Amino acid sequence: MDYLIRRALPQDLDAAGRLTVDVFVGDGFTAPTSQYVEHLRDAERRAREAELLVAVDADDQVLGCVTFAVGGTEWADIAEPHEGEIRMLATAAAARGRGVGAALVRASITRSRDLGLAGMAFSTRPEMTTAHRIYERLGFRRTPARDWAPYPGMDLMVYTMVF
């Protein structure tokens, strides 16, 4: 592995915010005019109010990031208080295929366990098939009974893992 996974440092925040927007907008998951873009860009808030994990290379360039939250907190959409949740998993196009996304998810699993949580639950869009393969390979299971829609037309699938 030629990168390190760690909590974001202040110098990582701008790059993490840009990367998240680049991935979500560039890959067609979020419209460039959506209000959600500013939410994606605000890595400083994610780091302050939840946990922002980053993958960085030897030059401290941000290759990927994910927001980790405990269920029942502001940044958790679907997780219950005994579960951890990931949000906004993003890997730079140039870093794909190197295991960055999987490493960030594994770090989130470790964080959940370290906090004594019973498992994880999180939402994903149906079209995020590359991420689904990562989740399934790491042991997450689809949990259709928990699928939901934050607003009409935005259907989200839920994946869970019990420890």
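From the list 73, 91, the lone residue that is within 15 Å of residue 20 (Cβ to Cβ) and among the polar types (S, T, N, Q) is 91. Exactly one residue among 20, 30 is part of a loop (DSSP other than H, G, I, E, B) and crowded, with 17+ Cβ neighbours inside 10 Å, and that residue is 30. Filter the range 55-72 down to residues that are of a type in the set (A, V, I, L, M, F, W, C), in contact with a helix residue (DSSP H, G or I) (Cβ under 7 Å, 6 or more places away or on another chain) and within 13 Å of residue 86 (Cβ to Cβ), then give me how many there are. Qualifying residue count for the region: 3. Among residues of the range 70-97 that are on the phi > 0 side of the Ramachandran plot, those with a Cβ under 8 angstrom from a residue that is hydrophobic (A, V, I, L, M, F, W, C) and assigned to a strand (DSSP E or B), sequence gap 6+ or separate chain, pair up as 88/65; 88/66. Would you please name the residue that is surrounded by the fewest Cβ atoms within 10 Å (Cβ to Cβ), looking only at residues in the range 97-122 that are assigned to a loop (DSSP other than H, G, I, E, B) and touching a strand residue (DSSP E or B) at 6+ places or on another chain (Cβ under 8 Å)? Once the filter is applied, the top-ranked residue is 115. For the range 123-162, residues that are over 16 Å from the mean Cα position of the chain (by Cα), assigned to a loop (DSSP other than H, G, I, E, B), on the phi < 0 side of the Ramachandran plot and not acidic (Asp, Glu) total 6. Counting only residues that are closer than 23 Å to residue 109 by Cα, of a type in the set (D, E, K, R) and in contact (Cβ under 8 Å) with a residue 12 or more places away in the chain, the range 20-59 holds 5 of them.
No value in this document is a laboratory result; all are computed from the given coordinates. Everything numeric here is computed off the predicted structure, so don't read it as measured data. Positions of Cβ are generated from backbone atoms using ideal geometry, with glycine treated the same way; all protein chains shown enter the neighbour counts.
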